[in-house]
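Colleague: Questions regarding the structure given below will be posed in turn.
The values are calculated or read from the model by the stated rules, or taken from the named source; none is laboratory data. From a predicted model like this one, the values you see are computed outputs, not experimental measurements. In this analysis, Cβ positions are derived from the backbone assuming ideal geometry, glycine residues included, and neighbour counts consider all displayed protein chains. Please note that ligands, DNA and RNA were not included when accessible areas were found on the heavy atoms of the full protein model with its side chains. Shrake-Rupley method; radii C 1.70, N 1.55, O 1.52, S 1.80 Å.
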Amino acid sequence: MMLSTEQTRAVMHGIDNRLTWREIERPVGPQPIPDWCKGAHVDWVEGYCNSPRVRLKVHGNVRDWPDKRFAREDGCYYRARHADGRMEQYAHDGALSPAKVSMFQSADGTLRWHRRYGSEWGDQPGFATIQDGVRSGYEPGERIEVERMCTSKQAGFGGECYPLTMEDGSEIVLRGPWHVSAPAGYAEVAYVDVIRWKPWKDQPWHATGGMGGLYLRHDTFVAIIARFCPELPLAEVTYGGCTTIEPMKPEWTEPKRLVYEREWLARKAEREARS
């Protein structure tokens, strides 16, 4: 199914609701982690049964790296992997064929997927911003239709086009691919590029929006949590058709869903005893 983890568990609720889990042994002592990762924060999603969410503090767009190449795996999954444990993935089961797509053509004739924005175009007419006395604007050019190898149109990401460079160097365009849950051996996290996104006033870095769609190999994910949240136990949790790695509060002896279920049962028993 082309669904996220939470969507899959919602669909499977009542069908595959039995939870199994095991605590993960965390590494002892300093562990190597990618130098782009500068911190981690756990959103416990208090008051709801959703799994805790991990957000990383990073420098740079960590879903972009030099010579990134995608491979088509398991029929409909397009995945690019980095040696440090990062992965980006999309799902699309449509066939490829030549089709017209919109691209931006710079004034010098260069084709790009997105129109660039920066201080070097601060003298251009149209929308602009001024920060620290420096004006930034959009580069001159126009959008044109070009032919590329594309998938059929689907409705993922609102039908947005995603250009990919494949392992053999060919370029394709996924039209409306889907966000899906992490494959076996990977965890999904959100990230905040603190160079690009500045928090408002006295807000902490993790209160600033951020991006999703970053998948981390389990060894990288565990090493990062062990570095920045060493007090938190980790559990491998399976239910609703998905297996995830979840942090637990130090006072918990089991994953969040079980803690909440026991608290709910205790409240229910108390209400019934009073009635």
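Colleague: If I filter the stretch 220-241 for residues that are in a loop (DSSP other than H, G, I, E, B), under 19 Å from Gly75 (Cβ atoms) and not basic (Lys, Arg), do I get at least one hit?
Modeller: The answer is yes; a qualifying residue exists.
Let's see how each residue does on (1) touching a residue at least 40 places away in the same chain (Cβ under 8 Å); (2) open to solvent by less than 50 Å² (accessible area, probe 1.4 Å); (3) in contact with a His (Cβ under 6 Å, 6 or more places away or on another chain):
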position: Ser136; (1), (2), (3): no, yes, no
position: Glu139; (1), (2), (3): no, yes, no
position: Ile144; (1), (2), (3): yes, yes, no
position: Arg148; (1), (2), (3): yes, no, no
position: Phe157; (1), (2), (3): no, no, no
position: Glu167; (1), (2), (3): yes, no, no
position: Pro177; (1), (2), (3): yes, yes, yes
position: Ala190; (1), (2), (3): yes, yes, no
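Colleague: Take the stretch 93-115 and flag every residue that is open to solvent by 50 Å² or more (accessible area, probe 1.4 Å) and among the small types (Gly, Ala, Ser).
Modeller: If the condition is that a residue be open to solvent by 50 Å² or more (accessible area, probe 1.4 Å) and among the small types (Gly, Ala, Ser), then Ala95, Ser97, Ala107 are the ones that fit.
Colleague: I want to confirm something. Restricting to the stretch 168-204 and keeping residues that are touching a Gly at 6+ places or on another chain (Cβ under 7 Å) and not in a strand (DSSP E or B), which single residue is nearest to Ser4 (Cα to Cα)?
Modeller: His179
Colleague: Against the conditions (1) in a strand (DSSP E or B); (2) out of contact with any helix residue (DSSP H, G or I) (no Cβ under 8 Å at 6 or more places or on another chain); (3) open to solvent by less than 60 Å² (accessible area, probe 1.4 Å), where does Tyr90 fall short? Just the number, please.
Modeller: Of everything listed in (1) in a strand (DSSP E or B); (2) out of contact with any helix residue (DSSP H, G or I) (no Cβ under 8 Å at 6 or more places or on another chain); (3) open to solvent by less than 60 Å² (accessible area, probe 1.4 Å), Tyr90 misses just condition (2).
Colleague: Please go through the stretch 239-260 and give me each residue that is touching a residue at least 12 places away in the same chain (Cβ under 8 Å), over 20 Å from the mean Cα position of the chain (by Cα) and open to solvent by 50 Å² or more (accessible area, probe 1.4 Å), ordered by number.
Modeller: If the condition is that a residue be touching a residue at least 12 places away in the same chain (Cβ under 8 Å), over 20 Å from the mean Cα position of the chain (by Cα) and open to solvent by 50 Å² or more (accessible area, probe 1.4 Å), then Pro250 is the only one that fits.
Colleague: Still on this structure, please answer the following. Scan the stretch 206-231 and report the pairs whose first residue is open to solvent by less than 10 Å² (accessible area, probe 1.4 Å) and whose second residue is hydroxyl-bearing (Ser, Thr, Tyr), with Cβ atoms within less than 6 Å and a gap of 6+ or a chain change.
Modeller: Close Cβ pairs satisfying both conditions: Leu214/Tyr191; Tyr215/Tyr186.
Residues checked against (1) in contact with a helix residue (DSSP H, G or I) (Cβ under 9 Å, 6 or more places away or on another chain); (2) part of a loop (DSSP other than H, G, I, E, B):
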{"site": "Ser51", "(1), (2)": "yes, yes"}
{"site": "Lys57", "(1), (2)": "yes, no"}
{"site": "Pro66", "(1), (2)": "no, yes"}
{"site": "Phe104", "(1), (2)": "no, no"}
{"site": "Asp108", "(1), (2)": "no, yes"}
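Colleague: Output the residue which, of all residues in the stretch 47-60 that are surrounded by fewer than 20 Cβ atoms within 10 Å (Cβ to Cβ) and closer than 18 Å to Ala187 by Cα, is farthest from the chain's Cα centre (by Cα).
Modeller: Filtering first and then ranking leaves Asn50.
Colleague: Sticking with this structure for a sec: Would you say Arg79 is in contact (Cβ under 8 Å) with a residue 12 or more places away in the chain and either under 30 Å from Ile33 (Cβ atoms) or among the aromatic types (Phe, Trp, Tyr) (or both)?
Modeller: So Arg79 fits the description; yes.
Colleague: Still on this structure: Take the stretch 1-46 and flag every residue that is open to solvent by 40 Å² or more (accessible area, probe 1.4 Å), at pLDDT below 75, not charged (D, E, K, R) and not in a loop (DSSP other than H, G, I, E, B).
Modeller: Gln7, Ala10, Val11
Colleague: Let me ask you something else. If you scan the stretch 179-188, which residues turn out to be of a type in the set (Gly, Ala, Ser) and surrounded by fewer than 20 Cβ atoms within 10 Å (Cβ to Cβ)?
Modeller: Ala184, Gly185
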